[in-house]
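Trainee: One structure follows; several queries about it will come next.
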Amino acid sequence: MSSKNMIGALVLAAGKGTRMHSDKPKVLQPLLDEPMLRYVYTALDPIFGDGIWTVIGHGADMVRKAFEMESRNFVLQSEQLGTGHALQVAWPEIEKAGINRVLVVNGDTPLLPQPRLMAFMKEVVDRDADIGFMTLTLADPASFGRVVRHNGDVAAIVEAKDFDEKLHGQEPNEINAGIYLLKLETIAPLLDKLQNANKSGEYYITDLVELAVARRMKVCGVDCGQDPHLLGINNPAELVRSESLLRTNLVLEWLEQGVMIHAPETVRIGPMVYLEPGAILHGPCELYGNTEVHKGASVQSHTWLRNATVASGAEVRQFCHIEGAEIGPDCIVGPYARLRPGAVLEEASHVGNFVELKKSVLGKKSKANHFTYLGDTEVGEGVNIGAGTITCNYDGVNKHKTIINNGAFIGSNSSLVAPVTIGANSLVGAGSVITKDVPDDSLAIGRGVQKNLPRKRKS
């Protein structure tokens with residue numbers, strides 16, 4: 001944009017969202033494990049950069065915390081008195097930014113299509129409109145604000161509960177999508193003229209349209225057809241509808257980029273996930289957060305991954321739960337394995353059924369194939385962990401570390417009581433409880449003495 005048409009963005013995210021029946025602010029309700037406000041930022045960030053303000057109110061601290069790792073311009077609306085009041089609260093910050101226009105969007109519209117936003121802004125700027133807004137035409141307008149036109153020209157936007165056919169004419173199917181582009185210079189004088197004489201007792205941003213028309217300003221409603229991506233979310237049914245549309249779009253995008261996705265209708269992929277062409281997914285499965293699956297890696301069905309890395313050639317078998325873990329090249333995980341945050345599997349290591357790792361490293365070509373818990377453990381290369389082994393890392397107050405060096409063999413049903421070190425190439429006998437360090441090349445046995453007693457039989 002030229003300096004003459006400097007544009008910023010304002011996100012309205014202060015509402016409670018009563019119809020969601022949740023203690024969370026509506027904009028934090030998740031779609032594919034990410035808050036809906038995240039998707040709004042994803043659409044706006046490449047266009048506006050730092051020129052984005054967000055009005056928050058209900059649950060403001062929760063919203064700030066959700067984005068505390070990011071530099072966001074938040075404006076607090078202490079009392080939630082409507083969208084028009086939110087605009088009034090944010091206006092001083094917007095005016096200080098030195099922009100000419102502001103794009104206003106609702107934080108509950110997570111599927112904003114960036115190309116359509118760009119086209120909308122260009123049309124409004126080219127027409128030099130004082131107010132531009134997006135409209136949709138729906139078979140059932142439901143609770144959305146109605147767009148009233150006279151001889152094709154926009155006359156007003158009337159909230160559904162305030163619409164009266166005697167005053168406004170036949171009820172239209174054209175509705176307000178809640179996305180506006182406002183010229184600061186001409187709209188500023190109208191803000192103080194907003195009234196709350198309506199059934200909700202709120203100040204509506206939509207009333208700016210009628211005020212502008214009355215002063216013969218240029219107002220344009222840009223028809224966007226029936227695009228479902230522009231619909232806001234007000235209740236669980238609408239959230240699920242949008243999430244389903246988003247899921248389908250993301251899966252199709254990855255298929256087109258060369259990712260093999262079997263049973264794609266059952267696969268859920270979050271927006272932050274990275275999949276390399278040649279990765280293989282088998283539905284049903286779920287991948288969220290900053291998960292990465294690289295070329296030649298396979299994620300089998302009934303798996304759940306968040307913030308996990310699956311390197312080339314690795315195989316995650318069925319029914320695994322993986323969070324915050326790194327799976328190295330050519331590793332095998334599962335079935336029925338759980339990798340918790342801090343778990344690292346180095347090249348060609350194996351984790352089998354009903355094995356759990358937490359803050360532990362399993363070295364190159366090491367194996368823990370059955371019924372094992374490794375917590376706060378560092379395992380070297382070529383180690384074999386027998387079935388039923390546990391590292392006892394917690395003494396009731398503090399966590400302690402277990403070190404198992406290269407080539408060690410841990411017999412089945414062993415308990416390693418941390419802090420403890422098992423030396424290289426040592427063997428721990430099955431059924432042992434190890435409480436002291438084991439030197440290299442040693443055999444450690446920590447069992448009670450076996451006694452064989454005569455069996456008593458009933459006479």
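The values are calculated or read from the model by the stated rules, or taken from the named source; none is laboratory data. Note that the coordinates shown come from a computational prediction; the quantities given were computed from them, not determined experimentally. Positions of Cβ are backbone-derived with ideal geometry, glycine not excepted, and every protein chain shown enters the neighbour counts. The area values use the complete protein model at the heavy-atom level, side chains included, leaving out ligands, DNA and RNA. Shrake-Rupley method; radii C 1.70, N 1.55, O 1.52, S 1.80 Å.
Trainee: Please give the helix 236-256 orientation as an angle from the longest Cα principal axis of the chain, in degrees from 0 to 90, rounded to the nearest 10.
Mentor: So the helix axis and the longest Cα principal axis differ by about 70 degrees.
Trainee: Just tell me which lysines come within less than 24 Å, Cα to Cα, of residue 218; anything on the same chain fewer than 8 places away is out.
Mentor: 4, 122, 183, 193
Trainee: Here is a follow-up. Where the only charges are on Cβ atoms (+1 Lys, Arg; -1 Asp, Glu), what is the dipole of the chain about its Cα centre, to the nearest 20 debye?
Mentor: Result for the chain is approximately 2000 debye, rounded to the nearest 20.
Trainee: Report the equivalent ellipsoid semi-axes for segment 259-299 in whole Å, largest first, defined as the square roots of five times the eigenvalues of the gyration tensor built from alpha carbon atoms.
Mentor: 14, 13, 7
Trainee: Also, quick follow-up: Could you tell me the largest-minus-smallest coordinate of the C-alpha atoms of segment 380-459 on each of the three principal axes, in descending order and whole angstroms?
Mentor: Extents along the principal axes, in whole Å: 56, 32, 19.
Trainee: From the protein chains alone at 1.4 Å, what is the descending order of accessible area for 85, 150, largest first?
Mentor: 150, 85
Trainee: In straight Cα distance, which aspartates and glutamates are under 15 Å from residue 199, not counting same-chain residues fewer than 8 positions off?
Mentor: 159, 162, 164, 207
Trainee: Straight-line reach from residue 359: which aspartates and glutamates have a Cα under 18 Å away, not including same-chain ones fewer than 8 places off?
Mentor: Straight-line reach from residue 359, under 18 Å: 323, 326, 346, 347, 376, 378, 381, 395.
Trainee: On a 1.4 Å probe surface of the protein chains, which of 146, 455 comes out largest in accessible area, and what is the full order?
Mentor: Order by accessible area, largest first: 455, 146.
Trainee: Would you mind giving the three semi-axes, in whole Å and largest first, of the ellipsoid equivalent to segment 1-68 according to its Cα gyration tensor?
Mentor: Equivalent-ellipsoid dimensions as semi-axes: 26, 12, 10 Å.
Trainee: Output the direction-averaged projected area (hull surface divided by four) of the convex hull of the alpha-carbon atoms of segment 301-459, in nm². Walk me through the numbers before you get to the answer.
Mentor: Numbers: hull surface 47.8 nm².
So the mean shadow area of the Cα hull is 12.0 nm².
Trainee: Something else: In cubic angstrom, how much convex hull volume per residue do the alpha carbon atoms of segment 228-360 span?
Mentor: On the way: hull volume 12.8 nm³, N = 133.
In segment 228-360, the Cα convex hull volume per residue is 96 Å³.
Trainee: I would also like to ask the following. I need the fraction of alpha carbon pairs in segment 40-132 separated by more than 15 Å, rounded to a whole percent. Each step should come with its number before you reach the end.
Mentor: Details: 2818 of 4278 pairs.
Looking at segment 40-132, the distances longer than 15 Å represent 66 percent of pairs.
Trainee: Scaled to the compact-protein estimate 2.2 N^0.38 Å, what is the alpha-carbon radius of gyration of segment 139-260, rounded to two decimal places?
Mentor: 1.31
Trainee: How big is the convex hull of the Cα atoms of segment 335-381, per residue, in Å³? Intermediate values should be presented prior to the final figure.
Mentor: Values: hull volume 2.4 nm³, N = 47.
About 52 Å³ per residue, rounded to a whole number.
Trainee: Any idea what log10 I(q)/I(0) is at q = 0.06, 0.08, 0.11, 0.13 Å⁻¹ for the chain, Debye with uniform C-alpha scatterers and no solvent?
Mentor: Relative scattering, expressed as log10 I(q)/I(0), comes to -0.41, -0.62, -0.90, -1.08.
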